[in-house]
Amino acid sequence: MASGSKDRADSLRLGFLTAVELHDGGFVGGLLVTDRFGRPLEFQCTTPVRANRTQELLYGPTLVPFIVGELIGKALSDRISIKPTLLLSDRPEMLTLREHIDAPVLCLTGSDRASASAASAEDEENFSSAVGSKVTLGRVEFQTHAEFPEDAAAAQQLARPIDSKADLSEPIERVSEALKETMATVGGKPKVA
Amino acid sequence: MRNAEFEMGNPEADSQTEIPHAEFRTPNSDAPGPAIVTQTISLTPRVDIHASGANVALNRWPNIECSEIDAGIRVGTVPAWKPGWGRVRTVMLTFPEAIQFLPPKEEPAEGELQTVRPPKPKRDSEDGDAGSEKKKRTRLKPPSDALSLEDRLFYILQPPLETTLAGQELIMPFEPFPHQYEGIGWLFSQKHALLADEMGLGKTMQTITAVRLLLRSGQVRRVLFVCPKPLIPNWQREFRTWAEELPIVTVEGNTDRRRMIWSMPGVPILMTNYEVLSRDFSEMHEDDRPKFDLVVLDEAQRIKNRDSKTAEVARDITRKRSWALTGTPIENRPEEMASLFEFMEVVPPRATPDLKQLSRLADVYVLRRVKELVMKDMPPRLDRDEFLEMTPAQNSAYRIAEKEGVVQLNEMGDQISVANVFELVLRLKQITNFDPLTGESAKLDRLVADMEEIASSGGKAILFSQWTKVLDWMKPALEPFGPLIYHGGVPTKKREPILKQFKEDPTKHILLMSYGTGAVGLNLQFAGYVFLFDRWWNPAVEDQAINRAHRIGQKDTVIVTRFISKDTIEERIDAVLRHKREIFESVLGPGDKTNVSLSLDAAEIFGLFDLKAPAGKGSRMKKVAPKIPSESDQDAA
């Protein structure tokens, strides 16, 4: 193995990002940074973010994308001390984070998204129109932000050290579990148990 | 004649035009005749305006004045609205730096990292899973005593064990079984743990792998293994198999060398035996004693006596995690677990938890699985207790011996000791095997009958007895079945060829073994039958013997036959042990019927003959059974 590729592999930092909706309509988000084997290096999670009635009315359908992508995603990305070289999420709203950072941000495609069953047809349609190119990392398919289709090739290059059988949706499940545990500890209730 | 016409116009116009008059005329008015005079009469009544003086006012417009009134309503405006989301607060959790292990072996690829996957054991049941992408995941669960959120998240955020173990640097020679994954995950997350799996389920492998993961995740950096001296080579071998990259240093040699090893920095794993630990720590000044992140006690029943020097030294070791391993957490009394719990620091010093408390503690800090519950893919073990009528000669000899023996014991009065009673028990047990005078034996007769059937079907059996002389005695009767003998009297270098011959020679159908030599460390899973010719004092030892055949790799049902002579001391001992087992199950849980280690105490030994233990002799619950059999246990009589 060439030392250059080993160094690249060792420096690969994967960020797994998701948000969980709370019973009262708020959201908490979490970002787990791991090495290429999925072993955790750092985890950041937010306190609950809730919109008031005015904000709900005025943001309308853009409220959730704004909270999840702009507020939670950006806050986590800004504060994490180990900066991920590649960000992966199961929430399409997180793709907007790409507009604020340099690292590629990808979202699981509908078939691989854990929350796919819960998403409405309209959501799916919006998602399909908002995303760009598709790319398979490990054995999971992701999509890029519509305005950053070049992220597909970049991500594929970055993810070369990752085993082709790796399940890159699994760490996102860990983040969801951690968020639910956090909420259970502080008394909040996730919307989906 | 023209009709009179009446026209109504608008009153205003009427007032300004001349009001028409009605006019009557006769026809032919021009004709001469009487002159008709017509007169026009106005039908419109005359209206005159009365001059009242108010007429001017009627034509005048009213005078309207406006004034402001305060309605009490204010309409305000906000010049601009800003989304006041404030700052999103975040909580951070970092993970300890892992110890770097050996890099993966290089593959002849074009500069790419390659996955080194563990070779998988070939199992029949695996064929169906070969193409399955989604494999079962064993997630680490936070221990119940992890109270802080950070501690709990640490475990939740770890990758599934299957992923970790398939990682590039963690090469596993064989894929663990599901119960082993569970055990590894449980140990990994426990600071205080008693792994009490039944023998043969892989306590050693689970412990080594959990330690490996702890080292790899940076959770521990210095580990001490303490085990009985004879087992050190076994641990070293297992470490080479399951974690070849981990450097292990055994504390051995003279005092100076040992002292140097104890203080040697940068050694992740130290291994020693109980005697060396006890001696060296007693001689070391408290400040000089090494400190450990994890201390593992193998065969932890060695500290069941909390007052023993070994137990005290073990408790005094400075450590962050305390694990105990034993297949027999209770040898005599449930209270023995209290000593283990004290080492694990889950009960205060000198605490004496009752049965309920022990049971609750066991729920949290003890992991115990038995084969029949976890090895679903392993063939079952069929136990049958054969209660045999002794031959008349045996029966006669037995009754005389018992009667005389009891009389003698009674005559001893207060001088009677447990050893005296024990001696009688042994003598009677020997008669249940065969009559010393005639050599008659109901057990041997039954064994020969069974062996004819087994040999005819090409099967193989192993037989255990407490006495080597019994083995030698029965060998001639079993010649048709090609008997081989394996006990402490056989020189060590001749033992391996015997086992090989038994395995490969189709004419060798039975292997006669002593509990002491054959009960541990042998893999005889090609034998489908186990005979316990006489009973050992402790069912745990019997289980060890049975597990030579009933272990991972066995393909067929293992039939275990225990010979018990009816109406004899054997039947009574069996009844006592069964009763005790029921009590101990209340601590370790149901389903644990194979491996509770029990022995008879003095009172129970006396009770076998309806004798009452003299004051001070039976009350102290002293174990009177022989020690766990060893190489030199032979010929207990």
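Numbers below:
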{"read-out": "From B:P349, B:P334, residue being loosely packed, with under 13 Cβ neighbours inside 10 Å, part of a loop (DSSP other than H, G, I, E, B) and under 27 Å from the mean Cα position of the chain (by Cα)", "value": "B:P349"}
{"read-out": "Identity of the residue in region B:397-413, of a type in the set (G, A, S) and within 12 Å of B:R427 (Cα to Cα), that ends up modelled with the lowest pLDDT", "value": "B:G405"}
{"read-out": "Residue within region A:9-21 that is touching a Ser or Thr at 6+ places or on another chain (Cβ under 6 Å), within 11 Å of another protein chain (Cβ to nearest Cβ), buried (at least 21 other Cβ atoms within 10 Å of the Cβ) and at pLDDT 90 or above present", "value": "no"}
{"read-out": "Members of region B:22-48 that are in a loop (DSSP other than H, G, I, E, B) and at pLDDT below 75", "value": "B:E23, B:F24, B:R25, B:T26, B:P27, B:N28, B:S29, B:D30, B:A31, B:P32, B:G33, B:P34"}
{"read-out": "Region B:141-160 residues that are part of a helix (DSSP H, G or I), paired with ones that are charged (D, E, K, R) (beta carbon under 7 Å, 6 or more apart)", "value": "B:R152/A:E181; B:L153/A:E181; B:Y155/B:K141; B:I156/A:R174; B:I156/A:E177; B:I156/A:E181"}
{"read-out": "Subset of region B:204-237 [under 25 Å from the mean Cα position of the chain (by Cα) and of a type in the set (K, R)]", "value": "B:R212, B:R216"}
{"read-out": "Sole residue being farther than 19 Å from B:D556 by Cα, out of contact with any His (no Cβ under 8 Å at 6 or more places or on another chain), of a type in the set (D, E) and in a loop (DSSP other than H, G, I, E, B), chosen from B:D472, B:D445, B:D435", "value": "B:D435"}
{"read-out": "Positions within region A:132-166 being among the charged types (D, E, K, R), assigned to a loop (DSSP other than H, G, I, E, B) and more than 8 Å from chain B (Cβ to nearest Cβ), in sequence order", "value": "A:E147, A:E150"}
{"read-out": "Cβ pairs under 6 Å, 6+ apart, first in region A:32-55 and more than 8 Å from chain B (Cβ to nearest Cβ) and without any contact (Cβ under 8 Å) to a residue 60 or more places away in the chain, second among the hydroxyl-bearing types (S, T, Y) and in a helix (DSSP H, G or I)", "value": "none"}
{"read-out": "Region B:543-585, subset in contact with a Leu (Cβ under 9 Å, 6 or more places away or on another chain), farther than 30 Å from B:T391 by Cβ and loosely packed, with under 15 Cβ neighbours inside 10 Å, residue modelled with the lowest pLDDT", "value": "B:I583"}
{"read-out": "Selection from region B:360-394 of residues that are under 23 Å from B:R572 (Cα atoms), touching a strand residue (DSSP E or B) at 6+ places or on another chain (Cβ under 9 Å) and either assigned to a helix (DSSP H, G or I) or of a type in the set (V, I, T) (or both)", "value": "B:Q394"}
{"read-out": "Output for region B:379-425, where each listed residue is crowded, with 16+ Cβ neighbours inside 10 Å and among the basic types (K, R)", "value": "B:R381"}
{"read-out": "Residue match in region B:189-203 (condition: within 14 Å of chain A (Cβ to nearest Cβ) and either buried (at least 18 other Cβ atoms within 10 Å of the Cβ) or in contact (Cβ under 8 Å) with a residue 12 or more places away in the chain (or both))", "value": "yes"}
{"read-out": "Yes/no for B:L428 being surrounded by 19 or more Cβ atoms within 10 Å (Cβ to Cβ), closer than 30 Å to B:A603 by Cα and at pLDDT below 90", "value": "no"}
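The values are calculated or read from the model by the stated rules, or taken from the named source; none is laboratory data. Being a predicted model, the structure only gives us computed values, none of them experimental. When we count neighbours, we look across all protein chains shown, and the Cβ atoms used for this are built from the backbone with ideal geometry, even at glycine.
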